[in-house]
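These notes are about the structure you will find just below.
The values are calculated or read from the model by the stated rules, or taken from the named source; none is laboratory data. Source: prediction; values computed, not measured. When we count neighbours, we look across all protein chains shown, and the Cβ atoms used for this are built from the backbone with ideal geometry, even at glycine. For the accessible areas, the whole protein counts, side chains as well, though only heavy atoms, and no ligand, DNA or RNA atoms are used. Shrake-Rupley method; radii C 1.70, N 1.55, O 1.52, S 1.80 Å.
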Amino acid sequence: MNHWIASHDHGTSKQTIKNVPHRHAFALVGEKNLFLCHQIMSHMEAHCFEIILEVKLPEETKEAIFENRKMGYSHYLCNQQGGEFTVASIVAGSRQSFTANVWTGVPDSNPPAVMPQPPWGKGPDGKPVPPWRTDVTVEIIRIVHFRHLNRNETSRRFEEYILFGRGKEAHIMHSVLWQPDYDHLASLRKAPDWISEEQLIATINVSFPELPFDPWGTYCNCPLHDNSVHEVYYFGFTEFRDPEGNVQNHIEKLEIHVDHTWWYSTKITNYWRAQHCANNIQIS
């Protein structure tokens, strides 16, 4: 069964604030350092989390993924059926690894209009249909970022992203607030020199003044193009003040260089049957 049905099947039991083990899909980024970014469903408690994990994969699998990337594929990992877990178990430290399948694409409709059936081979476009690789052991090195979506948060000034990475590698993941919203995961050309590596490892939030936030709408096409430069605000700040409220210093203009988008979609994080962006183009 395709995991976008299996992991997100909401008809078998009622939702509860006590997390129920599920299958969880993650998008993969990084080269020297690998990260998994959780695919969010803002309306389902089991999947209502932003979570980024730094992970280790078997060397053979990692090399195969890097070779596969040369053909233009993005990669997605999901824990196998029978190995369901909760996000809370990872955060609590009780789960430090899991066995996953690897996909090279995400269906452009959710649920998919046509379910790929085994034996797995190539689809009509010649690309492999998932799963591309099975029984991959994922070792969790650390939790990079964790946040439960919060319906008490109603608005922002600008669209916000989590900036994370290690060494010279840096990535951004869009921070989801509530529907309608969009998922977006991209790598930067290089880690910005205006923060330390420790700040990058710890993660920071950046907002884009060119992308005003609309609580009633969202960006129906990827708002940050490959090979583009953008001004950002550090946690929304443009200046710092002293204890008396006087301006201490203005923050110099901060920029990031977006290199490549791995994942962009409005299909999964929003209600399946109430898509705000019916005809947008998904990048996966």
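Annotations
- Criterion applied to Lys32, Lys14 was being modelled with pLDDT of 95 or more and of a type in the set (Lys, Arg), and the one residue passing it is Lys32.
- Of all residues in the range 265-284, those being of a type in the set (A, V, I, L, M, F, W, C) and not in a loop (DSSP other than H, G, I, E, B) number 1.
Yes/no matrix, rows are residues, columns are (1) in a strand (DSSP E or B); (2) without any contact (Cβ under 8 Å) to a residue 40 or more places away in the chain:
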position: Asp193; (1), (2): no, yes
position: Pro215; (1), (2): no, no
position: Val258; (1), (2): yes, no
position: Trp263; (1), (2): yes, no
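- On inspection, Leu149 passes the criterion of being touching a Cys at 6+ places or on another chain (Cβ under 8 Å), buried (at least 20 other Cβ atoms within 10 Å of the Cβ), aliphatic (A, V, I, L, M) and at pLDDT 95 or above.
- So Gly245, is it in contact (Cβ under 8 Å) with a residue 12 or more places away in the chain, surrounded by fewer than 16 Cβ atoms within 10 Å (Cβ to Cβ) and in a loop (DSSP other than H, G, I, E, B): no
- When His174 is tested against (1) in contact (Cβ under 8 Å) with a residue 24 or more places away in the chain; (2) under 17 Å from the mean Cα position of the chain (by Cα), only condition (1) is not met.
- Some residue of the range 42-58 being open to solvent by 10 Å² or more (accessible area, probe 1.4 Å) and free of Cβ contacts under 8 Å to residues at least 24 places away in the same chain: no
- Residues of the range 222-234 that turn out to be touching a Ser or Thr at 6+ places or on another chain (Cβ under 9 Å), assigned to a loop (DSSP other than H, G, I, E, B) and either open to solvent by less than 30 Å² (accessible area, probe 1.4 Å) or closer than 23 Å to Gln179 by Cα (or both), as a count: 3
- Selection from the range 141-190 of residues that are in contact with a strand residue (DSSP E or B) (Cβ under 9 Å, 6 or more places away or on another chain), part of a loop (DSSP other than H, G, I, E, B) and under 19 Å from Pro209 (Cα atoms): Arg156, Arg157, Ser175, Val176, Leu177, Asp181, Tyr182
- In the range 268-280, the residues that are touching a residue at least 12 places away in the same chain (Cβ under 8 Å) reach residues that are not in a loop (DSSP other than H, G, I, E, B) with C-beta atoms within less than 7 angstrom, at least six apart or across chains, in these pairs: Ile268/Asp183; Thr269/Asp183.
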